[in-house]
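A short worksheet on the structure shown next.
The values are calculated or read from the model by the stated rules, or taken from the named source; none is laboratory data. None of the values given here were measured: they were computed from a predicted structure. Here the Cβ positions follow ideal geometry from the backbone for every residue, glycine too, while neighbour counts run over all protein chains shown.
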Amino acid sequence: MKWFFSIIMTAILTNNYVLCKFLGICPFLGVSKKTNTAVGMSAAVIFVMVLATITTYPINLLLVKCDLEYLQTIVFILVIAALVQFVEIILKKYIPALYNSLGIYLPLITTNCAVLGVVLLNIQNGSGFAESVINSFGAGLGFMLAMVMFSGVRERLEGNDIPKFLQGLPITLVAASLTSVSFLGFTGVVEGIFG
Amino acid sequence: MAEKKPLHKELTKGFLSENPVLRLVLGTCPTLATSTSVATALGMGISASIVLICSNIAISALRKFIPSKVRIPAYIVVIASFVTIVQMLVKAFVPALNDALGVYLPLIVVNCIILGRAEAFASKNSVVASAVDGLGMGIGFTTALFCMATVREIFGAGTFLKGIGDLLAVFGDVKFDGFTIPWLNEHPLLILVLAPGGFFVFGILMACANKVAESKGKPRAELRGCAVCPMAATCSLSECANTVKEAAE
(Lines give C-alpha, C1' and ligand atoms only; values in the text may rest on other atoms or scores of the structure.)
Protein backbone atom coordinates (compact mmCIF):
# COMPACT_ATOMS: atom_id res chain seq x y z
CA MET A 1 0.00 0.00 0.00
CA LYS A 2 2.88 2.29 0.92
CA TRP A 3 4.52 1.47 -2.39
CA PHE A 4 1.31 2.29 -4.27
CA PHE A 5 0.87 5.70 -2.63
CA SER A 6 4.54 6.53 -3.03
CA ILE A 7 4.32 6.09 -6.83
CA ILE A 8 1.05 8.01 -7.09
CA MET A 9 2.22 10.90 -4.94
CA THR A 10 5.51 11.17 -6.83
CA ALA A 11 3.68 11.31 -10.16
CA ILE A 12 1.19 13.90 -8.90
CA LEU A 13 3.37 16.21 -6.85
CA THR A 14 7.13 15.96 -7.34
CA ASN A 15 7.18 14.77 -10.94
CA ASN A 16 4.07 16.54 -12.17
CA TYR A 17 3.97 15.98 -15.93
CA VAL A 18 2.79 19.45 -16.83
CA LEU A 19 4.52 21.68 -14.33
CA CYS A 20 7.80 19.80 -13.79
CA LYS A 21 8.32 17.79 -16.98
CA PHE A 22 6.67 20.13 -19.50
CA LEU A 23 4.57 17.43 -21.15
CA GLY A 24 1.10 18.33 -22.35
CA ILE A 25 1.60 22.11 -22.32
CA CYS A 26 -0.69 22.67 -25.32
CA PRO A 27 -3.91 21.54 -23.61
CA PHE A 28 -2.66 23.05 -20.35
CA LEU A 29 -2.59 26.50 -21.95
CA GLY A 30 -5.31 25.96 -24.54
CA VAL A 31 -8.14 24.17 -22.73
CA SER A 32 -7.77 25.64 -19.25
CA LYS A 33 -9.99 28.69 -19.67
CA LYS A 34 -12.97 27.11 -17.93
CA THR A 35 -12.90 24.64 -15.05
CA ASN A 36 -15.54 22.40 -16.65
CA THR A 37 -13.60 21.83 -19.84
CA ALA A 38 -10.39 21.40 -17.84
CA VAL A 39 -11.99 18.58 -15.81
CA GLY A 40 -13.43 16.87 -18.92
CA MET A 41 -10.18 17.06 -20.81
CA SER A 42 -8.11 15.71 -17.93
CA ALA A 43 -10.57 12.86 -17.27
CA ALA A 44 -10.15 11.84 -20.91
CA VAL A 45 -6.36 12.08 -20.54
CA ILE A 46 -6.34 9.84 -17.44
CA PHE A 47 -8.51 7.31 -19.27
CA VAL A 48 -6.33 7.23 -22.40
CA MET A 49 -3.04 7.25 -20.45
CA VAL A 50 -3.99 4.17 -18.43
CA LEU A 51 -5.42 2.38 -21.46
CA ALA A 52 -2.35 3.22 -23.59
CA THR A 53 -0.02 1.89 -20.90
CA ILE A 54 -1.99 -1.34 -20.59
CA THR A 55 -1.91 -1.85 -24.38
CA THR A 56 1.68 -0.85 -25.05
CA TYR A 57 3.21 -2.90 -22.24
CA PRO A 58 2.76 -6.32 -23.95
CA ILE A 59 3.60 -4.80 -27.34
CA ASN A 60 6.88 -3.54 -25.93
CA LEU A 61 7.69 -7.00 -24.57
CA LEU A 62 7.14 -8.38 -28.06
CA LEU A 63 9.37 -5.70 -29.63
CA VAL A 64 12.13 -6.39 -27.12
CA LYS A 65 11.87 -10.11 -27.76
CA CYS A 66 12.25 -9.61 -31.53
CA ASP A 67 15.09 -7.09 -31.07
CA LEU A 68 13.03 -4.32 -32.65
CA GLU A 69 13.26 -1.70 -29.89
CA TYR A 70 14.08 1.00 -32.40
CA LEU A 71 10.51 0.73 -33.70
CA GLN A 72 9.06 1.82 -30.34
CA THR A 73 8.30 5.41 -31.33
CA ILE A 74 6.51 4.59 -34.56
CA VAL A 75 4.60 1.61 -33.12
CA PHE A 76 3.48 3.41 -29.98
CA ILE A 77 2.20 6.51 -31.73
CA LEU A 78 0.21 4.34 -34.15
CA VAL A 79 -1.16 2.18 -31.35
CA ILE A 80 -2.21 5.25 -29.39
CA ALA A 81 -3.83 6.84 -32.45
CA ALA A 82 -5.72 3.65 -33.28
CA LEU A 83 -6.67 3.15 -29.65
CA VAL A 84 -8.12 6.64 -29.37
CA GLN A 85 -10.20 6.11 -32.52
CA PHE A 86 -11.34 2.72 -31.29
CA VAL A 87 -12.34 4.02 -27.86
CA GLU A 88 -14.22 6.86 -29.49
CA ILE A 89 -16.22 4.50 -31.69
CA ILE A 90 -17.02 2.12 -28.82
CA LEU A 91 -18.10 4.90 -26.51
CA LYS A 92 -20.29 6.46 -29.19
CA LYS A 93 -22.07 3.16 -29.83
CA TYR A 94 -22.42 1.67 -26.36
CA ILE A 95 -21.98 4.36 -23.70
CA PRO A 96 -23.33 7.58 -25.25
CA ALA A 97 -23.50 9.34 -21.87
CA LEU A 98 -19.76 8.94 -21.35
CA TYR A 99 -19.13 9.82 -24.99
CA ASN A 100 -20.94 13.10 -24.58
CA SER A 101 -18.80 14.10 -21.62
CA LEU A 102 -15.41 12.68 -22.69
CA GLY A 103 -15.68 11.89 -26.40
CA ILE A 104 -15.22 15.40 -27.70
CA TYR A 105 -11.78 15.59 -26.13
CA LEU A 106 -10.53 12.32 -27.54
CA PRO A 107 -9.24 13.41 -30.99
CA LEU A 108 -7.12 16.06 -29.28
CA ILE A 109 -5.38 13.44 -27.19
CA THR A 110 -3.72 11.53 -30.05
CA THR A 111 -1.14 14.26 -30.49
CA ASN A 112 -0.83 15.00 -26.80
CA CYS A 113 2.77 14.53 -25.80
CA ALA A 114 1.85 13.62 -22.23
CA VAL A 115 0.31 10.31 -23.37
CA LEU A 116 3.23 9.20 -25.53
CA GLY A 117 5.57 10.64 -22.91
CA VAL A 118 4.18 8.57 -20.06
CA VAL A 119 4.37 5.39 -22.15
CA LEU A 120 8.00 6.05 -23.16
CA LEU A 121 9.07 7.11 -19.67
CA ASN A 122 7.61 3.95 -18.12
CA ILE A 123 9.71 1.90 -20.53
CA GLN A 124 12.82 4.01 -19.98
CA ASN A 125 12.51 3.54 -16.23
CA GLY A 126 12.14 -0.20 -16.70
CA SER A 127 8.91 -0.30 -14.68
CA GLY A 128 6.92 -3.50 -14.32
CA PHE A 129 3.30 -3.77 -15.46
CA ALA A 130 1.57 -2.79 -12.19
CA GLU A 131 4.03 0.01 -11.55
CA SER A 132 3.55 1.39 -15.08
CA VAL A 133 -0.23 1.41 -14.80
CA ILE A 134 -0.16 3.08 -11.37
CA ASN A 135 2.37 5.62 -12.59
CA SER A 136 0.21 6.46 -15.63
CA PHE A 137 -2.84 6.86 -13.42
CA GLY A 138 -0.87 9.15 -11.11
CA ALA A 139 0.49 11.15 -14.06
CA GLY A 140 -3.09 11.62 -15.28
CA LEU A 141 -4.23 12.75 -11.84
CA GLY A 142 -1.31 15.17 -11.72
CA PHE A 143 -2.36 16.54 -15.11
CA MET A 144 -5.88 17.00 -13.77
CA LEU A 145 -4.64 18.76 -10.63
CA ALA A 146 -2.49 21.14 -12.66
CA MET A 147 -5.30 21.85 -15.16
CA VAL A 148 -7.97 22.49 -12.52
CA MET A 149 -5.68 24.65 -10.39
CA PHE A 150 -4.58 26.63 -13.39
CA SER A 151 -8.10 27.12 -14.72
CA GLY A 152 -8.92 28.67 -11.34
CA VAL A 153 -5.94 30.99 -11.63
CA ARG A 154 -6.97 32.00 -15.14
CA GLU A 155 -10.54 32.74 -14.11
CA ARG A 156 -9.14 35.15 -11.52
CA LEU A 157 -6.84 36.70 -14.13
CA GLU A 158 -9.74 37.63 -16.41
CA GLY A 159 -11.05 40.56 -14.38
CA ASN A 160 -7.69 41.97 -13.37
CA ASP A 161 -5.96 45.10 -14.53
CA ILE A 162 -2.90 43.71 -16.29
CA PRO A 163 -0.17 45.96 -17.77
CA LYS A 164 -0.61 46.14 -21.53
CA PHE A 165 2.87 44.72 -22.04
CA LEU A 166 1.88 41.42 -20.42
CA GLN A 167 -1.74 41.04 -21.53
CA GLY A 168 -2.83 37.76 -23.05
CA LEU A 169 -0.39 34.91 -23.37
CA PRO A 170 2.62 36.41 -21.49
CA ILE A 171 0.69 36.83 -18.22
CA THR A 172 -0.74 33.32 -18.62
CA LEU A 173 2.79 31.96 -18.84
CA VAL A 174 3.96 33.99 -15.86
CA ALA A 175 0.97 32.66 -13.90
CA ALA A 176 1.95 29.13 -14.97
CA SER A 177 5.44 29.86 -13.69
CA LEU A 178 4.06 30.80 -10.27
CA THR A 179 1.86 27.68 -10.21
CA SER A 180 4.97 25.70 -11.02
CA VAL A 181 6.87 27.35 -8.13
CA SER A 182 4.23 26.02 -5.75
CA PHE A 183 4.91 22.50 -7.03
CA LEU A 184 8.63 23.03 -6.51
CA GLY A 185 7.80 23.23 -2.84
CA PHE A 186 6.84 19.55 -2.86
CA THR A 187 10.41 18.45 -3.60
CA GLY A 188 11.38 15.86 -1.03
CA VAL A 189 7.89 15.62 0.47
CA VAL A 190 7.24 12.11 -0.85
CA GLU A 191 10.61 10.83 0.35
CA GLY A 192 9.91 12.50 3.69
CA ILE A 193 6.57 10.74 4.16
CA PHE A 194 7.31 7.34 2.68
CA GLY A 195 11.00 7.10 3.48
CA MET B 1 13.38 34.99 -61.28
CA ALA B 2 9.64 35.12 -60.95
CA GLU B 3 9.71 31.92 -58.97
CA LYS B 4 12.50 32.94 -56.66
CA LYS B 5 10.81 35.72 -54.78
CA PRO B 6 8.02 33.71 -53.14
CA LEU B 7 10.55 31.02 -52.20
CA HIS B 8 12.65 33.59 -50.45
CA LYS B 9 9.55 34.74 -48.61
CA GLU B 10 8.74 31.18 -47.55
CA LEU B 11 12.15 31.06 -45.94
CA THR B 12 12.05 34.35 -44.05
CA LYS B 13 8.47 34.06 -42.80
CA GLY B 14 9.54 31.09 -40.68
CA PHE B 15 11.80 33.05 -38.43
CA LEU B 16 10.16 36.46 -38.57
CA SER B 17 6.48 37.05 -39.16
CA GLU B 18 5.42 33.45 -38.60
CA ASN B 19 7.96 32.24 -36.08
CA PRO B 20 6.48 28.91 -34.95
CA VAL B 21 7.23 29.41 -31.27
CA LEU B 22 6.83 33.13 -30.69
CA ARG B 23 4.10 33.97 -33.21
CA LEU B 24 2.14 30.77 -33.84
CA VAL B 25 2.67 29.42 -30.28
CA LEU B 26 3.39 25.87 -31.43
CA GLY B 27 5.79 23.34 -29.99
CA THR B 28 5.75 24.84 -26.52
CA CYS B 29 6.60 21.56 -24.74
CA PRO B 30 10.06 21.02 -26.28
CA THR B 31 10.75 24.76 -26.12
CA LEU B 32 10.24 24.82 -22.37
CA ALA B 33 11.83 21.47 -21.64
CA THR B 34 15.03 21.59 -23.65
CA SER B 35 16.02 25.24 -23.21
CA THR B 36 17.87 24.69 -19.94
CA SER B 37 21.20 24.91 -21.74
CA VAL B 38 22.18 26.28 -25.13
CA ALA B 39 23.80 23.02 -26.23
CA THR B 40 20.67 20.88 -25.67
CA ALA B 41 18.49 23.61 -27.19
CA LEU B 42 20.59 23.65 -30.35
CA GLY B 43 20.58 19.84 -30.44
CA MET B 44 16.80 19.79 -30.13
CA GLY B 45 16.38 22.57 -32.69
CA ILE B 46 18.58 20.85 -35.25
CA SER B 47 17.02 17.41 -34.75
CA ALA B 48 13.49 18.81 -35.06
CA SER B 49 14.50 20.84 -38.13
CA ILE B 50 15.86 17.77 -39.88
CA VAL B 51 12.64 15.88 -39.19
CA LEU B 52 10.60 18.89 -40.29
CA ILE B 53 12.42 19.33 -43.61
CA CYS B 54 12.39 15.60 -44.43
CA SER B 55 8.74 15.09 -43.49
CA ASN B 56 7.71 18.23 -45.40
CA ILE B 57 9.47 16.91 -48.52
CA ALA B 58 8.01 13.41 -48.19
CA ILE B 59 4.47 14.56 -47.46
CA SER B 60 4.54 17.11 -50.24
CA ALA B 61 5.78 14.46 -52.68
CA LEU B 62 3.03 12.09 -51.58
CA ARG B 63 0.27 14.71 -51.35
CA LYS B 64 -1.55 13.44 -54.43
CA PHE B 65 -1.51 9.81 -53.26
CA ILE B 66 -2.67 10.20 -49.66
CA PRO B 67 -6.48 10.02 -49.43
CA SER B 68 -7.68 13.02 -47.44
CA LYS B 69 -9.68 10.88 -45.00
CA VAL B 70 -6.65 9.06 -43.63
CA ARG B 71 -4.19 11.88 -44.09
CA ILE B 72 -3.49 12.53 -40.38
CA PRO B 73 -2.46 8.91 -39.61
CA ALA B 74 -0.44 8.88 -42.84
CA TYR B 75 1.40 12.05 -41.82
CA ILE B 76 2.05 10.62 -38.36
CA VAL B 77 3.62 7.49 -39.88
CA VAL B 78 5.88 9.57 -42.15
CA ILE B 79 6.93 11.85 -39.28
CA ALA B 80 7.49 8.91 -36.90
CA SER B 81 9.75 7.20 -39.43
CA PHE B 82 11.96 10.27 -39.75
CA VAL B 83 12.02 10.71 -35.98
CA THR B 84 13.18 7.11 -35.63
CA ILE B 85 15.96 7.71 -38.17
CA VAL B 86 17.11 10.88 -36.40
CA GLN B 87 16.90 9.11 -33.05
CA MET B 88 19.16 6.30 -34.29
CA LEU B 89 21.64 8.78 -35.81
CA VAL B 90 21.80 10.80 -32.60
CA LYS B 91 22.26 7.64 -30.52
CA ALA B 92 25.10 6.53 -32.76
CA PHE B 93 26.98 9.78 -33.27
CA VAL B 94 26.09 12.13 -30.39
CA PRO B 95 25.23 9.85 -27.44
CA ALA B 96 25.65 12.76 -24.99
CA LEU B 97 22.82 14.63 -26.72
CA ASN B 98 20.66 11.52 -26.60
CA ASP B 99 21.10 11.42 -22.82
CA ALA B 100 20.45 15.15 -22.47
CA LEU B 101 17.26 15.15 -24.55
CA GLY B 102 16.00 11.84 -23.15
CA VAL B 103 12.34 11.28 -23.80
CA TYR B 104 11.99 14.58 -25.70
CA LEU B 105 13.85 13.14 -28.69
CA PRO B 106 11.18 10.54 -29.58
CA LEU B 107 8.55 13.10 -28.60
CA ILE B 108 9.44 15.16 -31.69
CA VAL B 109 6.77 12.92 -33.23
CA VAL B 110 4.01 14.81 -31.44
CA ASN B 111 5.61 18.23 -31.88
CA CYS B 112 2.72 20.22 -33.29
CA ILE B 113 5.01 22.36 -35.47
CA ILE B 114 5.77 19.35 -37.65
CA LEU B 115 2.24 17.97 -37.97
CA GLY B 116 0.97 21.54 -38.28
CA ARG B 117 3.27 22.36 -41.21
CA ALA B 118 2.44 19.04 -42.87
CA GLU B 119 -1.27 19.83 -42.72
CA ALA B 120 -1.11 23.57 -43.38
CA PHE B 121 1.67 23.76 -45.94
CA ALA B 122 3.24 20.58 -47.29
CA SER B 123 -0.10 19.00 -48.21
CA LYS B 124 -0.89 21.91 -50.53
CA ASN B 125 2.44 23.04 -51.98
CA SER B 126 5.22 21.80 -54.23
CA VAL B 127 8.19 19.81 -52.95
CA VAL B 128 10.69 22.67 -53.27
CA ALA B 129 8.43 25.20 -51.55
CA SER B 130 7.73 22.71 -48.75
CA ALA B 131 11.43 22.02 -48.24
CA VAL B 132 12.13 25.76 -48.01
CA ASP B 133 9.19 26.23 -45.66
CA GLY B 134 10.52 23.42 -43.46
CA LEU B 135 13.98 24.98 -43.44
CA GLY B 136 12.61 28.41 -42.50
CA MET B 137 10.37 27.03 -39.77
CA GLY B 138 13.25 24.90 -38.48
CA ILE B 139 15.54 27.92 -38.28
CA GLY B 140 12.76 29.89 -36.57
CA PHE B 141 12.25 27.14 -34.00
CA THR B 142 15.99 26.83 -33.36
CA THR B 143 16.40 30.60 -33.03
CA ALA B 144 13.59 30.88 -30.49
CA LEU B 145 15.03 27.96 -28.52
CA PHE B 146 18.48 29.56 -28.68
CA CYS B 147 17.19 32.91 -27.33
CA MET B 148 15.42 31.23 -24.43
CA ALA B 149 18.30 28.92 -23.63
CA THR B 150 20.81 31.80 -23.69
CA VAL B 151 18.88 33.72 -21.04
CA ARG B 152 18.27 30.62 -18.92
CA GLU B 153 21.84 29.33 -19.10
CA ILE B 154 23.63 32.65 -18.54
CA PHE B 155 21.53 33.72 -15.57
CA GLY B 156 20.56 30.29 -14.29
CA ALA B 157 23.92 28.54 -14.41
CA GLY B 158 26.45 31.26 -15.17
CA THR B 159 27.79 29.50 -18.25
CA PHE B 160 27.33 29.86 -22.00
CA LEU B 161 27.47 27.04 -24.56
CA LYS B 162 28.51 24.57 -21.83
CA GLY B 163 28.51 21.01 -23.21
CA ILE B 164 28.70 22.17 -26.84
CA GLY B 165 31.89 20.09 -27.07
CA ASP B 166 29.79 16.91 -27.05
CA LEU B 167 27.76 18.24 -29.98
CA LEU B 168 30.82 19.33 -31.94
CA ALA B 169 32.52 15.99 -31.29
CA VAL B 170 30.78 14.79 -34.48
CA PHE B 171 33.25 16.88 -36.48
CA GLY B 172 36.31 15.46 -34.79
CA ASP B 173 38.21 16.34 -31.64
CA VAL B 174 37.14 19.78 -30.46
CA LYS B 175 38.61 21.28 -27.31
CA PHE B 176 36.11 24.15 -27.05
CA ASP B 177 33.54 23.60 -24.36
CA GLY B 178 31.79 26.89 -23.69
CA PHE B 179 32.48 29.87 -21.47
CA THR B 180 32.11 30.38 -17.76
CA ILE B 181 30.78 33.77 -16.79
CA PRO B 182 32.79 35.02 -13.82
CA TRP B 183 30.36 36.54 -11.30
CA LEU B 184 27.15 34.84 -12.39
CA ASN B 185 28.77 31.43 -12.10
CA GLU B 186 29.13 31.87 -8.34
CA HIS B 187 25.69 33.47 -7.91
CA PRO B 188 23.39 31.67 -10.34
CA LEU B 189 19.62 32.23 -10.28
CA LEU B 190 19.02 28.52 -10.04
CA ILE B 191 15.25 28.88 -10.46
CA LEU B 192 15.71 29.88 -14.11
CA VAL B 193 16.97 26.43 -15.09
CA LEU B 194 14.19 24.78 -13.07
CA ALA B 195 10.65 24.39 -14.39
CA PRO B 196 9.18 27.75 -13.20
CA GLY B 197 12.02 29.66 -14.85
CA GLY B 198 11.10 28.07 -18.18
CA PHE B 199 7.55 29.40 -18.05
CA PHE B 200 8.72 32.80 -16.81
CA VAL B 201 11.42 33.36 -19.44
CA PHE B 202 9.02 32.17 -22.16
CA GLY B 203 6.36 34.59 -20.93
CA ILE B 204 8.76 37.54 -20.95
CA LEU B 205 10.19 36.58 -24.36
CA MET B 206 6.62 36.35 -25.69
CA ALA B 207 5.87 39.81 -24.30
CA CYS B 208 8.97 41.20 -26.05
CA ALA B 209 8.01 39.49 -29.32
CA ASN B 210 4.53 41.00 -29.00
CA LYS B 211 6.03 44.43 -28.46
CA VAL B 212 8.14 44.10 -31.61
CA ALA B 213 5.16 42.79 -33.57
CA GLU B 214 2.97 45.68 -32.40
CA SER B 215 5.56 48.24 -33.41
CA LYS B 216 5.44 46.71 -36.90
CA GLY B 217 1.63 46.94 -36.89
CA LYS B 218 1.09 43.19 -36.58
CA PRO B 219 -1.34 41.64 -34.11
CA ARG B 220 -0.10 40.19 -30.81
CA ALA B 221 0.53 36.46 -30.63
CA GLU B 222 -2.49 34.74 -29.14
CA LEU B 223 -2.83 31.17 -28.15
CA ARG B 224 -4.57 29.84 -31.22
CA GLY B 225 -3.62 26.35 -30.19
CA CYS B 226 -6.80 24.97 -31.67
CA ALA B 227 -7.03 27.09 -34.80
CA VAL B 228 -3.67 25.88 -36.05
CA CYS B 229 -4.13 22.44 -34.52
CA PRO B 230 -4.24 19.80 -37.23
CA MET B 231 -7.01 18.03 -35.34
CA ALA B 232 -9.31 21.08 -35.46
CA ALA B 233 -11.33 19.64 -38.34
CA THR B 234 -12.14 16.41 -36.53
CA CYS B 235 -12.53 17.92 -33.11
CA SER B 236 -15.93 19.05 -31.89
CA LEU B 237 -14.78 20.72 -28.68
CA SER B 238 -16.90 23.83 -28.35
CA GLU B 239 -13.97 25.96 -27.25
CA CYS B 240 -12.10 24.81 -30.32
CA ALA B 241 -14.94 25.66 -32.65
CA ASN B 242 -15.00 29.14 -31.16
CA THR B 243 -11.30 29.74 -31.65
CA VAL B 244 -11.47 28.49 -35.20
CA LYS B 245 -14.38 30.79 -35.91
CA GLU B 246 -12.59 33.75 -34.36
CA ALA B 247 -9.49 33.05 -36.40
CA ALA B 248 -11.59 32.83 -39.57
CA GLU B 249 -13.15 36.20 -38.86
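Whether any residue in segment B:151-160 is part of a helix (DSSP H, G or I), within 11 Å of another protein chain (Cβ to nearest Cβ) and of a type outside the set (S, T, N, Q) is what I want to check. Full working, then the answer.
So the first thing to find is which residues in segment B:151-160 are part of a helix (DSSP H, G or I), and the list is B:151-157.
Now drop any that are not within 11 Å of another protein chain (Cβ to nearest Cβ), which leaves none.
No, that holds for no residue.
Picking from residues in segment A:1-28 that are at pLDDT below 80 and within 14 Å of chain B (Cβ to nearest Cβ), the one that is farthest from A:Tyr99 (Cα to Cα) is A:Cys26.
In this entry, B:Ser47 is excluded by the filter for residues that are surrounded by fewer than 22 Cβ atoms within 10 Å (Cβ to Cβ) and either among the small types (Gly, Ala, Ser) or within 11 Å of another protein chain (Cβ to nearest Cβ) (or both).
Out of everything in segment B:166-209 that is of a type in the set (Phe, Trp, Tyr) and modelled with pLDDT under 80, what residue ends up being nearest to B:Leu145 (Cα to Cα)?
The qualifying residue nearest to B:Leu145 (Cα to Cα) is B:Phe179.
Which of the residues that make up segment B:17-44 are polar (S, T, N, Q), surrounded by 24 or more Cβ atoms within 10 Å (Cβ to Cβ) and not in a helix (DSSP H, G or I)? Spell out the reasoning first.
So the first thing to find is which residues in segment B:17-44 are polar (S, T, N, Q), and the list is B:17, B:19, B:28, B:31, B:34-37, B:40.
Right, trim to surrounded by 24 or more Cβ atoms within 10 Å (Cβ to Cβ) and you get B:28, B:31, B:34-35, B:37, B:40.
Listed by number, the residues that qualify are B:Thr34, B:Ser35, B:Ser37.
Is segment B:82-89 home to any residue that is in a helix (DSSP H, G or I) and either small (Gly, Ala, Ser) or touching a residue at least 40 places away in the same chain (Cβ under 8 Å) (or both)? Walk me through it before giving the result.
Our first condition is that a residue be in a helix (DSSP H, G or I); within segment B:82-89, this holds for B:82-89.
Subset that is either small (Gly, Ala, Ser) or touching a residue at least 40 places away in the same chain (Cβ under 8 Å) (or both): none.
No, because not a single residue in segment B:82-89 is in a helix (DSSP H, G or I) and either small (Gly, Ala, Ser) or touching a residue at least 40 places away in the same chain (Cβ under 8 Å) (or both).
For B:Val109, are the conditions met, namely being β-branched (Val, Ile, Thr), without any contact (Cβ under 8 Å) to a residue 40 or more places away in the chain, over 26 Å from A:Thr187 (Cβ atoms) and within 14 Å of chain A (Cβ to nearest Cβ)? When the stated conditions are applied, B:Val109 passes them.
Being buried (at least 17 other Cβ atoms within 10 Å of the Cβ), more than 9 Å from chain A (Cβ to nearest Cβ) and either closer than 18 Å to B:Ile46 by Cβ or modelled with pLDDT under 80 (or both) is a description that applies to B:Gly163.
Among the residues that make up segment B:211-226, is at least one of them surrounded by 20 or more Cβ atoms within 10 Å (Cβ to Cβ), within 12 Å of another protein chain (Cβ to nearest Cβ), in contact with a Cys (Cβ under 8 Å, 6 or more places away or on another chain) and at pLDDT below 80? The answer is yes, given that some residue of segment B:211-226 is surrounded by 20 or more Cβ atoms within 10 Å (Cβ to Cβ), within 12 Å of another protein chain (Cβ to nearest Cβ), in contact with a Cys (Cβ under 8 Å, 6 or more places away or on another chain) and at pLDDT below 80.
Evaluated against (1) modelled with pLDDT of 85 or more; (2) over 26 Å from B:Glu119 (Cα atoms); (3) surrounded by 14 or more Cβ atoms within 10 Å (Cβ to Cβ); (4) out of contact with any Phe, Trp or Tyr (no Cβ under 8 Å at 6 or more places or on another chain), A:Tyr99 falls short on exactly one condition, (1). Just one of the listed residues (B:Ile76, B:Ile59, B:Ile72) is within 11 Å of chain A (Cβ to nearest Cβ), touching a residue at least 40 places away in the same chain (Cβ under 8 Å) and over 24 Å from B:Met148 (Cβ atoms), namely B:Ile72.
Considering only segment B:173-202, how many residues are β-branched (Val, Ile, Thr), over 25 Å from the mean Cα position of the chain (by Cα) and assigned to a helix (DSSP H, G or I)?
Of segment B:173-202, the ones β-branched (Val, Ile, Thr) are B:174, B:180-181, B:191, B:193, B:201.
Filter again for over 25 Å from the mean Cα position of the chain (by Cα), leaving B:174, B:180-181.
Add one more test, that the residue is assigned to a helix (DSSP H, G or I), and what stays is none.
Residues that pass the stated criteria total 0.
Of the listed requirements (1) crowded, with 22+ Cβ neighbours inside 10 Å; (2) within 14 Å of chain A (Cβ to nearest Cβ), B:Gly14 misses just one: (2).
Given segment A:78-195, what helices (runs of 4 or more DSSP H) lie entirely inside it while holding 1 or more residues that are more than 10 Å from chain B (Cβ to nearest Cβ) and without any contact (Cβ under 8 Å) to a residue 12 or more places away in the chain?
The helices (runs of 4 or more DSSP H) meeting that bar are A:96-102, A:129-158, A:189-194.
Output the number of residues of segment B:45-72 satisfying the condition of being outside any helix (DSSP H, G or I) and either over 22 Å from A:Thr110 (Cβ atoms) or touching a strand residue (DSSP E or B) at 6+ places or on another chain (Cβ under 8 Å) (or both).
Restricting attention to segment B:45-72, the residues satisfying the condition of being outside any helix (DSSP H, G or I) are B:62-67.
Now narrow it down to the ones that are either over 22 Å from A:Thr110 (Cβ atoms) or touching a strand residue (DSSP E or B) at 6+ places or on another chain (Cβ under 8 Å) (or both): B:64-65.
Qualifying residue count for the region: 2.
Suppose the filter is among the polar types (S, T, N, Q), modelled with pLDDT of 80 or more and assigned to a helix (DSSP H, G or I); does A:Thr37 pass it? Criteria not met by A:Thr37.
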